[in-house]
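Comments concern the structure below.
The values are calculated or read from the model by the stated rules, or taken from the named source; none is laboratory data. Keep in mind it's a predicted model, so treat the numbers as computed, not measured. In this analysis, Cβ positions are derived from the backbone assuming ideal geometry, glycine residues included, and neighbour counts consider all displayed protein chains.
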Amino acid sequence: MEEDITNAEYTKLLIGLSGDTPLGYVVGIRSEKDSKRIKQFTAQERKIRADWLRYLAQKPQKDVPQSDEANADKMRMILSSLFGKG
């Protein structure tokens, strides 16, 4: 049986995620905000980022509850500190 977890629990799990793991690598690419770093992406990294941005653009806004926006900001801060961009 699959269990649902809260955003807070998910965030705690991601805190220990290393950028050396495949998932950590992809999350780092998706969350990158530094335009200089983005310009240095490889073709594969650009594809990963473009696919993610395309997915976000197609997702209806009503699917993102207001309370999750605050959690998303927290997640960005955690990922920034995790990948040394804070």
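I'd like the residue in segment 15-25 that is surrounded by 11 or more Cβ atoms within 10 Å (Cβ to Cβ) and in contact with a Gly (Cβ under 9 Å, 6 or more places away or on another chain) and, out of all such residues, is modelled with the highest pLDDT. Ranking the candidates gives 25 first. The residue that is nearest to residue 72 (Cα to Cα), among those in segment 26-36 that are surrounded by fewer than 17 Cβ atoms within 10 Å (Cβ to Cβ) and out of contact with any Lys or Arg (no Cβ under 8 Å at 6 or more places or on another chain), is 26. When the residues of segment 1-18 are filtered to those that are of a type in the set (Ser, Thr, Tyr) and part of a helix (DSSP H, G or I), the one that is nearest to residue 76 (Cα to Cα) is 11. Taking the condition of being assigned to a loop (DSSP other than H, G, I, E, B) and either free of Cβ contacts under 8 Å to residues at least 12 places away in the same chain or among the acidic types (Asp, Glu) (or both), how many residues in segment 19-56 meet it? The number of residues fulfilling the criteria is 6.
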